[in-house]
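This report refers to the structure that appears directly beneath it.
The values are calculated or read from the model by the stated rules, or taken from the named source; none is laboratory data. Predicted, not measured: the structure shown is a model, and the values here were computed from it. Neighbour counts are summed over all protein chains in view; Cβ atoms, including those assigned to glycine, are modelled from backbone coordinates with ideal geometry.
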Amino acid sequence: MSEETLNPREIRRRLGLNQQQFWGRIGVTQSGGSRYESGRTMPKPVRELLRVVHVEQIDLADLSREDMRVLEYLRKHKPELYETLKAAAREQSQSSEKRSLGGGAYAR
């Protein structure tokens, strides 16, 4: 999703959140968020937080500075390993989702 197509109101509605819940997760007041939803230009840091938290679904509380340093190191110095790990994590996540969705049918 590019910056131009990042529509906060659409994302918020798709997630089923009210403005206070949605904007509060990235440190923006409800009234500030309402202005962004009405067309006011979002500063780049707010846009990036919105993307990371609501589009990528990353819980910022789970990240540490050290995690970010490791990621940056892998991206710059070990790009093949970074891509391999990223693919493995994506595959594991998809497998977990399939098991959780199908688990109820086999539980009987």
>> Just to verify a result, which residue in the stretch 1-18, among those that are farther than 24 Å from residue 62 by Cβ and assigned to a helix (DSSP H, G or I), is modelled with the lowest pLDDT?
In response: 3
> Tell me, which residue of the stretch 54-108 that is aromatic (Phe, Trp, Tyr) and at pLDDT 90 or above is nearest to the chain's Cα centre (by Cα)?
Replying inline: 82
> Taking residue 12 and the conditions (1) touching an Asp or Glu at 6+ places or on another chain (Cβ under 9 Å); (2) closer than 23 Å to residue 89 by Cβ, which numbered condition does it fall short on, given that it satisfies the others?
Replying inline: (2)
>> Which count do you get for residues in the stretch 26-84 that are β-branched (Val, Ile, Thr), surrounded by 10 or more Cβ atoms within 10 Å (Cβ to Cβ) and outside any helix (DSSP H, G or I)?
In response: 4
